[in-house]
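Single-structure report; data block below.
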């Protein structure tokens, strides 16, 4: 009963500071940088941020070698309608001689469509790196909860990097920031205990970069002591729930990629109504796992991809 008396005080505060979640989808700004291919072709097109475009193909040994190079320009990089290409090295005849332009009729995070003489042609992302997000948590105690955090993993099959953000315990005190390595390592494999939860999903480069930007912002807030909430026993738990929800929802900024539990902090939010603030993040992850079980990358799949890199995860 005491918790229900506190709840009405917390809900308006959260609604005012965090705002109501907008679940509508929108077309995001375009980003052509990265590696693309035409359909299922083995030829790869690398668009660099400096306006350079290189064309590469795999050799018999599996190594990539360049066959052409050009300069490119978009009429509007964030919402393009025209792609202009000027050949620089073109002995293979990949590009038309001189400068040519094509119209872009559609785009999203993973593809764009250009209009050719023979009709529309779709380019699809083929980045050599692969990206994953992991939502990991431990139930902990009723009064204090347990650690709950997000991991962002980037790997090219040879080296890997991890960024982490969330709540963990240090000398018995709660902290928000980059998570210590020993805790990260505990969630690199699936757990068989119900007191742990872990959802691992493969994501796109744009999703990874949006999530990484959020993680960096909250890492800085934690270092500077500039978190959103203070003056209450549950301030750290509330901050963590907000940042983890922000990361999860960023995955759907340009269309539904995962199923979301609507963490609204209103009376229709059964997680918040039925659980203490220290348990909210763990329960939120449990529901994300239930909703996205078909997207979860299991250990046997992940072990074929994951190669720990030289950059240590966490602290």
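In table form, for the structure just shown:
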{"read-out": "Scaled radius of gyration (Cα, divided by 2.2 N^0.38 Å) that the range 129-302 gives", "value": "0.97"}
{"read-out": "Distance-filtered residues of the range 154-168 - backbone nitrogen under 20 Å, label point 7 angstrom along residue 141 Cα→Cβ", "value": "167-168"}
{"read-out": "Options (1) 19.2; (2) 21.8; (3) 20.4 - which one matches Kirkwood radius over Cα pairs in Å as calculated here", "value": "(2)"}
{"read-out": "Length gained when the stretch residue 209-residue 82 is fully extended (0.36 nm per residue, less Cα-Cα span)", "value": "43.2 nm"}
{"read-out": "Paramagnetic reach from residue 92 in the range 123-143 [backbone N under 18 Å; point 7 Å along Cα→Cβ]", "value": "123-128"}
{"read-out": "Approximate spin-label separation residue 115-residue 159, in nm, with each point projected 7 Å along Cα-to-Cβ", "value": "4.4 nm"}
{"read-out": "Nearest-0.05 FRET efficiency for residue 253 and residue 101, computed from C-beta distance (R0 41 Å)", "value": "0.90"}
{"read-out": "Whole-Å distance, taken between Cα centres, linking the range 88-148 and the range 26-77", "value": "10 Å"}
{"read-out": "Sorted peptide list for 196-205, 99-108, criterion being average Cβ within 10 angstrom, highest first", "value": "196-205, 99-108"}
{"read-out": "Ratio of Rg to Rh over the range 142-198 (Cα coordinates, Kirkwood Rh, two decimals)", "value": "1.00"}
{"read-out": "The range 34-125: projected area of the alpha-carbon convex hull, averaged over directions, in nm²", "value": "6.1 nm²"}
{"read-out": "Where only alpha carbons of the range 212-264 are counted, the Rg and the Dmax (Å)", "value": "12.6, 37"}
{"read-out": "Chain lengthening between residue 273 and residue 43 when straightened (0.36 nm per residue, less Cα-Cα)", "value": "77.4 nm"}
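Where a number appears in this text, it was derived from the coordinates with a stated rule and is not lab data. What you see is a predicted model, and the numbers here were worked out from it, not measured in a lab. Cβ coordinates were reconstructed from backbone atoms using ideal geometry, including for glycine residues, and neighbour counts include every protein chain displayed.
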